[in-house]
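**Student:** What follows is a single structure, and I will ask about it in a moment.
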Protein chains: 2
Amino acid sequence: MKHHAKATAALVRKLGRDRVATSGDALFRASFDGSKLSFLPEAVIRPRKRDDISTALALANKHRVPVTVRGGGTSLTGSGSPVHGGWVLNLSKWNRIRIDADAGLAHAQAGALVADIQAAAETAGWVYPPDPASKKYCTIGGNIACNAGGMHGGRYGVTRDFILALRGHLPTGEYVEWGAATKKFSAGFNLRDLWIGAEGMLGVVTEAVLKLIPKPAERWTLLTAFPDEVAAFRAIRTLFAQRVQPAICEFLDRHSVQCAETKTGKTVFAGQPGKPVILIELAGSPNELADTKPAVLAWAAEHAQAFREAHDRDEAEELWTVRRKCSGAMFALGDSKLNEDIVVPLANYEKFAVFLDKLRKKSRLPIPTFGHLADGNLHVNIMYHRENRAEYLRAEKAVGELMKGVVALGGAISGEHGIGLAKTPFLRLQHTPAQIKAMRAIKDALDPNGILNPGKMFTLFKVWEHPRLNIELPWDHK
Amino acid sequence: MKHHAKATAALVRKLGRDRVATSGDALFRASFDGSKLSFLPEAVIRPRKRDDISTALALANKHRVPVTVRGGGTSLTGSGSPVHGGWVLNLSKWNRIRIDADAGLAHAQAGALVADIQAAAETAGWVYPPDPASKKYCTIGGNIACNAGGMHGGRYGVTRDFILALRGHLPTGEYVEWGAATKKFSAGFNLRDLWIGAEGMLGVVTEAVLKLIPKPAERWTLLTAFPDEVAAFRAIRTLFAQRVQPAICEFLDRHSVQCAETKTGKTVFAGQPGKPVILIELAGSPNELADTKPAVLAWAAEHAQAFREAHDRDEAEELWTVRRKCSGAMFALGDSKLNEDIVVPLANYEKFAVFLDKLRKKSRLPIPTFGHLADGNLHVNIMYHRENRAEYLRAEKAVGELMKGVVALGGAISGEHGIGLAKTPFLRLQHTPAQIKAMRAIKDALDPNGILNPGKMFTLFKVWEHPRLNIELPWDHK
């Protein structure tokens, strides 16, 4: 790792000691994200104003110092780890939120927590639907960087679908604005959406205008169980074909259900342990729900092996237990988890279930899988024991085969986490050389000195060759 | 204009006479779009297969021949006119459509007409909401190029919001795919959305996967009138603040209403001629409408000077008359129209009404204005007489002032038409030098020889120095 002592000294001189931290503790805390891959930076910048960012980026370009932008640091891919050292630009204090209740918009700075934006919106009778599991800890800037999703993606969309405008800086430091606080904009190339999902490699987002949707008055929850995964997938297709669009449609395979059942000591449906489930939540006005509920209940009666509806929020919470517990409960199967957020098109769900069973047999590893059925985003969790080298190698191999299988089925290697460091070995499965050439050409055009978040996405990084910090983070599912 | 006889001969040799038209008639028909600015190309390519496009683009790069991609040619900005000559790539025969009724997706080739996609979707119980006025003539490829909108943008979104995946070619010819047939995708830079709205300058779209939404069972229409524009805008804000999201929310100022009333010989509301109106259409299940109708009627009773609801589709059509007639009826005020599709944020609607009245006085020109209130996209129509040079000059000046005013109010110079040739003089009002530098860097990176649709967006083009064809096109509002 190259050192930039002279540049860092210049940075401290220009911004002042109060905006540039270089203590060992500050550097350590900025050295890793949710992936627990730690690489020490040389300085952590906490800008106070726009000029601070321009100044820092100009210096970074002059001295070729890597700059990694950071919010809550919850990324699971290592996209927030400063793998090439340099400086970390921490925007977590840029967290102002303003709701425009007439227009149904939120104006949020990059460091605003997603849960805080949601709370502010709901107070005004609006909703910001994207809801990554880490929403209490992750920032909207980070959500924009990886185009975060969550459980509401199928019906409402993902982060990208709610961004009207972005403000921030080009990698070379200039302040820019993309889009406006309006739902239409067709003037010039769309760098707004190019920045979204670019994992902080094409610009620094400092502010966003978000679209909100009216808050549904009611929610209704139904838990359904099926004989096996193929039956569950076949069934859900018939529900969607009726043009029912649940607000949430969570799937848990039998392995995930077993994990939760073991942990809670309770079977989800009495007498029918270990059955895959689909948790459906409808949202809308009482009248809208009156339209859809009977259709969903009739569907459940026809297709499900068992089902149970919630009559109030307490009962709903009870139905949610299996979903909330499953992820943490998986650690009974191994002390380590490769959590892959792949995407599969609806048309190939059944084929994917068959593929996954083969992968389980071949790898001899538990692979509990759950996820968001309305958008095809399934979390495939390959469990292994860190200290068991044979298991580890099988897990590593299984991930590669999973990614190949997913791409062959017309899906995506990531639906909401992004590439970062962890998925670099698979980018070339998803994208042809021509596609990667085009992406790199854009990177070189906007960031000629390659200072923003270098080492991510395009450079092969072998996660398994790097130790992970043995620490617990607030958002860990344990 | 440079000639490329040698390159064109090579093109004919490679693709064959049946795929390359060079007759005077074919060249003329490909020389203009809805803007009626005509520039003759040297050849019109009608590719049969993917390789034809790669071959043509490779040749074009080798010989530096401009290539303008064309669908229905309905663009109002000149974005489809081959201003630098060269070759036109006509994809209008690439018009296959396949509906995936389970997943609610449409797979469409670039040349598919938007109205045909909508019809195919509706047959399967789904809806593709974007609906530009020219939908019977324009292609999805063209809609992607300018990120077309229409009347449903406020509630449902614009073309961009419905595109899951694109296939096509880089400017250098390589075949590429962006995104997948899924609602989540977060793997690599997002060139899909960079292509959308790029007016055919960053790639050739040959195929798209579109997201559909469930077809609403019913529609309900209400026409409301207000004392003046400021009152109408103030009123609509209170409706949106109640979180009512009409499927359609069309505004006509008093000048637009007067045009329609003069043309039809009928006042919209008896005894109250020339009042600005808002046409509201709700869509949903009977139960959903039952939720929203009373709120909208109560709102109308409180804020409108007059209102009338439709009890069936015939009555609805009657209410729609004023909206359908106004655009063509404006030609009573002048034989020429500068139709500017600007966007204003909701918060500044009233200020914009005041601004527009000042502009009318200053320019001494009729400027009837109508548009889509739920997304801020207003069509400002500056009317003048072509042969009256003084009027013409005032119109030209008024457009410039309009654009300045819109940007000062935080809006956009185009909401759905794009820049093309016609709006090049205003791009620098919308975008700072840094923003334009970034856009051009991307253009140079992806299209190093500058062959795709050159002369558009960034190069100043003075429309008023160029004659327009005096012809009538099928989609003209006359």
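The values are calculated or read from the model by the stated rules, or taken from the named source; none is laboratory data. The structure displayed is predicted, hence computed values, not measured ones. Because the Cβ atoms are built from the backbone with ideal geometry, glycine has one as well, and the counts that use them run over all protein chains shown.
**Student:** A:L393 fails exactly one of the following numbered conditions: (1) within 14 Å of chain B (Cβ to nearest Cβ); (2) in contact with a Phe, Trp or Tyr (Cβ under 9 Å, 6 or more places away or on another chain). What is the number of that condition?
**Tutor:** So the condition that A:L393 fails would be (1).
**Student:** Does B:A283 satisfy being hydrophobic (A, V, I, L, M, F, W, C) and out of contact with any strand residue (DSSP E or B) (no Cβ under 6 Å at 6 or more places or on another chain)?
**Tutor:** When the stated conditions are applied, B:A283 does not pass them.
**Student:** When region B:23-43 is examined, which residues are found to be more than 25 Å from the chain's Cα centre (by Cα) and more than 14 Å from B:L89 (Cβ to Cβ)?
**Tutor:** Listed by number, the residues that qualify are B:S23, B:G24, B:D25.
**Student:** Also: Restricting the search to region A:349-369, which residues are closer than 28 Å to A:L421 by Cβ, surrounded by fewer than 22 Cβ atoms within 10 Å (Cβ to Cβ) and within 14 Å of another protein chain (Cβ to nearest Cβ)?
**Tutor:** Passing the criteria: none in range.
**Student:** Across region B:298-310, which residue is nearest to the other protein chains (Cβ to nearest Cβ) among those that are within 31 Å of the chain's Cα centre (by Cα) and assigned to a loop (DSSP other than H, G, I, E, B)?
**Tutor:** B:A304
**Student:** Something else now. When the residues of region A:212-253 are narrowed to those that are β-branched (V, I, T) and part of a strand (DSSP E or B), which ends up nearest to the other protein chains (Cβ to nearest Cβ)?
**Tutor:** Restricting to residues being β-branched (V, I, T) and part of a strand (DSSP E or B), the top hit is A:I213.
**Student:** With the requirement that a residue be farther than 21 Å from B:W464 by Cα and surrounded by 22 or more Cβ atoms within 10 Å (Cβ to Cβ), what does region B:26-41 give you?
**Tutor:** B:A30, B:P41
**Student:** Go through (1) crowded, with 18+ Cβ neighbours inside 10 Å; (2) acidic (D, E); (3) out of contact with any helix residue (DSSP H, G or I) (no Cβ under 8 Å at 6 or more places or on another chain) one by one and return the number of the condition B:E315 breaks.
**Tutor:** Status for B:E315: all satisfied but (1).
**Student:** Within region B:58-89, track down each residue that is over 20 Å from B:I196 (Cβ atoms), buried (at least 24 other Cβ atoms within 10 Å of the Cβ) and not β-branched (V, I, T).
**Tutor:** Passing the criteria: B:A60, B:P66, B:S81, B:P82, B:G86, B:W87.
**Student:** Among the listed residues A:K266, A:K275, which satisfies the condition of being outside any helix (DSSP H, G or I) and surrounded by 18 or more Cβ atoms within 10 Å (Cβ to Cβ)?
**Tutor:** The conditions single out A:K275.
**Student:** Cβ-Cβ distance below 8 Å, separation of 6 or more or different chains: which pairs start in region B:418-429 with a residue that is farther than 15 Å from B:G197 by Cα and more than 7 Å from chain A (Cβ to nearest Cβ) and end on one that is assigned to a loop (DSSP other than H, G, I, E, B) and small (G, A, S)?
**Tutor:** Short answer, once both residue conditions are applied: B:A422/B:S35; B:A422/B:G78.
**Student:** Working only within region B:404-417, note down all residues that are surrounded by fewer than 23 Cβ atoms within 10 Å (Cβ to Cβ) and touching a residue at least 40 places away in the same chain (Cβ under 8 Å).
**Tutor:** Hits for region B:404-417 are B:G405, B:L409, B:G410.
**Student:** Sticking with this one: Can you say whether B:E288 is within 21 Å of B:A133 (Cβ to Cβ), charged (D, E, K, R) and assigned by TED's automatic domain parsing to the domain that holds B:A353, as far as the supplied structure shows?
**Tutor:** No, not satisfied.
**Student:** Using beta carbons and a limit of 8 Å, which pairs, at least six apart or on different chains, have the first residue in region B:176-205 and under 17 Å from B:G418 (Cβ atoms) and the second one part of a strand (DSSP E or B) and small (G, A, S)?
**Tutor:** Within 8 Å, the pairs are B:W195/B:G168; B:G203/B:G168; B:V204/B:G168; B:V205/B:G168.
**Student:** B:F162: more than 15 Å from A:I436 (Cα to Cα) and of a type in the set (F, W, Y), yes or no?
**Tutor:** Judged against the criteria, B:F162 is a match.
**Student:** Limited to region B:143-156, what total is found for residues that are within 8 Å of chain A (Cβ to nearest Cβ) and either in a helix (DSSP H, G or I) or surrounded by fewer than 23 Cβ atoms within 10 Å (Cβ to Cβ) (or both)?
**Tutor:** Adding up the residues that qualify gives 3.
**Student:** When residues of region B:425-467 are filtered for being within 18 Å of A:L191 (Cα to Cα), in a helix (DSSP H, G or I) and of a type in the set (V, I, T), how many remain?
**Tutor:** Number of matching residues: 2.
**Student:** Can you tell me how many residues within region A:263-302 are β-branched (V, I, T) and over 27 Å from A:E350 (Cβ atoms)?
**Tutor:** So the answer is 1.
**Student:** Restricting the search to region A:157-189, which residues are over 23 Å from the mean Cα position of the chain (by Cα), in a loop (DSSP other than H, G, I, E, B), within 7 Å of chain B (Cβ to nearest Cβ) and more than 20 Å from B:A148 (Cα to Cα)?
**Tutor:** Across region A:157-189, the qualifying residues are A:L170, A:E174.
**Student:** Looking at B:A390, B:A398, can you tell me which residue is surrounded by fewer than 21 Cβ atoms within 10 Å (Cβ to Cβ), at pLDDT 95 or above and in a helix (DSSP H, G or I)?
**Tutor:** B:A390
**Student:** Anything in region A:277-311 that is charged (D, E, K, R) and at pLDDT 95 or above? List them, or say none.
**Tutor:** A:E281, A:K293, A:E302, A:R308, A:E309
**Student:** Please state which of the following conditions A:I248 fails to meet, knowing it meets all the rest: (1) over 18 Å from A:G376 (Cα atoms); (2) touching a residue at least 40 places away in the same chain (Cβ under 8 Å).
**Tutor:** The failed condition is (1).
**Student:** Select from region B:1-34 the residues that are within 25 Å of B:V463 (Cβ to Cβ) and in contact with a Ser or Thr (Cβ under 6 Å, 6 or more places away or on another chain) and list them in ascending order.
**Tutor:** B:S31, B:F32, B:D33, B:G34 - these are the residues of region B:1-34 that are within 25 Å of B:V463 (Cβ to Cβ) and in contact with a Ser or Thr (Cβ under 6 Å, 6 or more places away or on another chain).
**Student:** Which ones in region A:370-379 are under 17 Å from A:M330 (Cα atoms) and either within 11 Å of chain B (Cβ to nearest Cβ) or surrounded by fewer than 24 Cβ atoms within 10 Å (Cβ to Cβ) (or both)?
**Tutor:** The answer is A:G371, A:L378, A:H379.
**Student:** Take A:A133 and tell me if it is crowded, with 20+ Cβ neighbours inside 10 Å and over 28 Å from A:A10 (Cβ atoms).
**Tutor:** The answer is no for A:A133.
**Student:** Output the residues belonging to region A:200-211 that are more than 9 Å from chain B (Cβ to nearest Cβ) and either surrounded by 23 or more Cβ atoms within 10 Å (Cβ to Cβ) or β-branched (V, I, T) (or both).
**Tutor:** Listed by number, the residues that qualify are A:G200, A:V204, A:V205, A:T206, A:A208, A:V209, A:L210.
**Student:** Here is a list of conditions, (1) more than 17 Å from B:L373 (Cβ to Cβ); (2) not in a loop (DSSP other than H, G, I, E, B), and B:A295 meets all of them except one; can you say which number that is?
**Tutor:** Among (1) more than 17 Å from B:L373 (Cβ to Cβ); (2) not in a loop (DSSP other than H, G, I, E, B), B:A295 violates only (1).
**Student:** Assuming B:K183 fulfils every condition listed in (1) touching a strand residue (DSSP E or B) at 6+ places or on another chain (Cβ under 6 Å); (2) within 29 Å of B:A101 (Cβ to Cβ); (3) of a type outside the set (G, A, S); (4) crowded, with 24+ Cβ neighbours inside 10 Å apart from one, which condition is it?
**Tutor:** B:K183 satisfies every listed condition except (1).
**Student:** So how many residues does region A:215-232 have that are modelled with pLDDT under 95 and within 25 Å of the chain's Cα centre (by Cα)?
**Tutor:** So the answer is 2.
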